[in-house]
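A quick write-up on the structure given underneath.
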Amino acid sequence: MPKHFLTILDIPKDEVKQVVLRAKEMKDGKVRTDLLDGKTLLLIFEKASTRTRVSFEVGVRQLGGDPVFIAARDSQLGRSEPLKDTARVLSRYADGVIVRTFGQEKLETLVDYGDIPVVNALTDEYHPCQVMADVLTMYERTPDLEKVKVAWVGDGNNMAHSFINGSAAFGYELRLACPEGYRPDTAILDKAVSLGARITLTDDPKVAVAGADYVNTDVWASMGQEEEQKKREAAFAGYMVDESLMGLAAPNAGFMHCLPAHRGEEVSEGVFESPASIVWDQAENRLHAQKAILEWIFK
C-alpha cells in the first residue's frame, strides 16, 4: 500500500519529528539524492501558486525525479470524467501525484481509487506541507518544540487546521484567536485535543499573543473567497498583527506568515519588515520539508 500525505497526522507520531530532523539535515547538507530516479510525479494545480509549485518542482528534481506540471486549465479533476476514473488512469502513468485543489474530498478519492502516493499541496481544509515547513522554521530557533507557545491570529482556515494537527503531532502549545463565525472546524479541533494537543481558542488576539514565541497569521480572504473581502475586513477588524500586538509576545518572538501577505491588512508593514519576521525562512523551508516528506513516502 502506498503512503499518502493528506494531513500532518498521516505521519505516525513516532516518525513525524524524524521527518523534520531529516529536512534540517537536507537543508544543512544541501542534500541531493537519486531516490526518485526513474520516477515521475504529477503536479496537478487547480489553484495558482508560486512557492508551492517551484519548491515541489525543484525538490522532485533534487531527489532525481521528473515533475510534470498540470495547470488548472488543463486539469480534468472531476470535470469531464468521474474523479475515480482519473485516479485509476493516473496510477498507470505516474509514480505519485501532488495536488493543490479546493476540496479535501478530491484527494481522498484519488487515494481510494488510485494506487500511487497522493500529496496534499493545499486544499481548503488543510495546508500540511506549509506547516511542516513552519515547524522546521521553529525547530531551527527553538529545538524543544514542547516548550514553544504558538499564536494564531485570524481565520480558522486550512492553515489553522494544520497548525492544530501540528500541535497534536509535535506537542507545542497553540493559542487560536478567531472571530465568531471564522473559527476552526470543531471536529478537527476535538480530534487534536483527544490526541493530547494543548489548544486554547479565544476571540481576543491579545490573549493568544501574550507571551507567545511565534505569532502567525494569514490573509483574511483566501483564493475563492474574494467576494467576501469587505465582509471579512469587518469581521477581522482588530486582528491585524501590528507592532502593538507583537509587543505582547515573548522577547525575540518570531512573526510568521505563509505568504503572500496583504501588508496593512492582516499584518502591518512594520512587523512584516521587522527583524522579528522570519517569513523568508519559512518560504525556503518549504523546499526542504517537502523533500523530507517525499523521502518518507518513497524510501
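The values are calculated or read from the model by the stated rules, or taken from the named source; none is laboratory data. Just so you know, these numbers come straight off a predicted model, no measurement behind them. Cβ atoms come from the backbone with ideal geometry, glycine included; neighbour counts cover every protein chain shown.
In the stretch 76-102, of all residues being within 24 Å of the chain's Cα centre (by Cα) and β-branched (Val, Ile, Thr), the one that is farthest from THR123 (Cα to Cα) corresponds to VAL97.
Take the conditions (1) among the hydrophobic types (A, V, I, L, M, F, W, C); (2) touching a strand residue (DSSP E or B) at 6+ places or on another chain (Cβ under 6 Å); (3) surrounded by fewer than 20 Cβ atoms within 10 Å (Cβ to Cβ); LEU21 misses just one of them, which is (2).
The rows are residues; the columns are (1) over 16 Å from GLY96 (Cβ atoms); (2) within 17 Å of the chain's Cα centre (by Cα); (3) among the charged types (D, E, K, R).
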position	(1), (2), (3)
MET1	no, no, no
LYS17	yes, yes, yes
VAL20	yes, yes, no
GLU25	yes, no, yes
GLY38	no, no, no
GLN62	no, no, no
ASP66	no, no, yes
ILE70	no, no, no
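Of the residues making up the stretch 168-177, those that are in contact with an Asp or Glu (Cβ under 7 Å, 6 or more places away or on another chain) and under 12 Å from ARG198 (Cβ atoms) are GLY171, TYR172.
Determine whether the stretch 133-154 contains at least one residue that is of a type in the set (Gly, Ala, Ser), more than 22 Å from TRP280 (Cα to Cα) and assigned to a helix (DSSP H, G or I). Even if it seems obvious, please write down each step before you answer.
First, the residues of the stretch 133-154 that are of a type in the set (Gly, Ala, Ser): 133, 151, 154.
Those still in the list that are more than 22 Å from TRP280 (Cα to Cα) too: none.
No, there is no match, as no residue in the stretch 133-154 is of a type in the set (Gly, Ala, Ser), more than 22 Å from TRP280 (Cα to Cα) and assigned to a helix (DSSP H, G or I).
Checking each residue in the stretch 158-184 for being among the charged types (D, E, K, R), outside any strand (DSSP E or B) and in contact with a strand residue (DSSP E or B) (Cβ under 7 Å, 6 or more places away or on another chain) picks out only ARG183. When LEU145 is tested against (1) surrounded by fewer than 21 Cβ atoms within 10 Å (Cβ to Cβ); (2) touching a strand residue (DSSP E or B) at 6+ places or on another chain (Cβ under 8 Å); (3) of a type in the set (A, V, I, L, M), only condition (2) is not met.
Among the residues of the stretch 255-292, just one is more than 19 Å from TRP220 (Cα to Cα) and among the β-branched types (Val, Ile, Thr), namely ILE278.
Strands (runs of 3 or more DSSP E) wholly in the stretch 191-299 with at least 3 residues that are touching a residue at least 40 places away in the same chain (Cβ under 8 Å) - which ones? Those strands (runs of 3 or more DSSP E) span 214-217, 254-257. Annotation note: Cβ proximity below 8 Å between a residue of the stretch 45-65 that is free of Cβ contacts under 8 Å to residues at least 24 places away in the same chain and a residue that is part of a helix (DSSP H, G or I) and crowded, with 22+ Cβ neighbours inside 10 Å (sequence gap 6+ or interchain) occurs for no pair. Residues that are surrounded by fewer than 23 Cβ atoms within 10 Å (Cβ to Cβ), within 24 Å of VAL16 (Cβ to Cβ) and modelled with pLDDT of 95 or more: does the stretch 254-275 have at least one? Looking through the stretch 254-275, at least one residue is surrounded by fewer than 23 Cβ atoms within 10 Å (Cβ to Cβ), within 24 Å of VAL16 (Cβ to Cβ) and modelled with pLDDT of 95 or more.
Based on what the data block shows, is ARG73 assigned to a helix (DSSP H, G or I), of a type outside the set (Asp, Glu) and either surrounded by fewer than 13 Cβ atoms within 10 Å (Cβ to Cβ) or not assigned by TED's automatic domain parsing to the domain that holds LEU122 (or both)? Show your work before the answer.
Values: assigned to a helix (DSSP H, G or I): yes; of a type outside the set (Asp, Glu): yes; either surrounded by fewer than 13 Cβ atoms within 10 Å (Cβ to Cβ) or not assigned by TED's automatic domain parsing to the domain that holds LEU122 (or both): yes.
The answer is yes for ARG73.
Considering only the stretch 104-111, I want to know if a residue exists there that is modelled with pLDDT of 95 or more, assigned to a strand (DSSP E or B) and farther than 17 Å from PRO2 by Cβ. No, the stretch 104-111 contains no residue that is modelled with pLDDT of 95 or more, assigned to a strand (DSSP E or B) and farther than 17 Å from PRO2 by Cβ. Could you tell me whether GLY65 is over 20 Å from LEU136 (Cα atoms) and among the small types (Gly, Ala, Ser)? Answer is yes for this residue.
Going through the stretch 84-141 one residue at a time, which ones are in contact with a helix residue (DSSP H, G or I) (Cβ under 9 Å, 6 or more places away or on another chain) and among the small types (Gly, Ala, Ser)? Those that are in contact with a helix residue (DSSP H, G or I) (Cβ under 9 Å, 6 or more places away or on another chain) and among the small types (Gly, Ala, Ser): ALA87, SER91, GLY96, GLY114, ALA121, ALA133.
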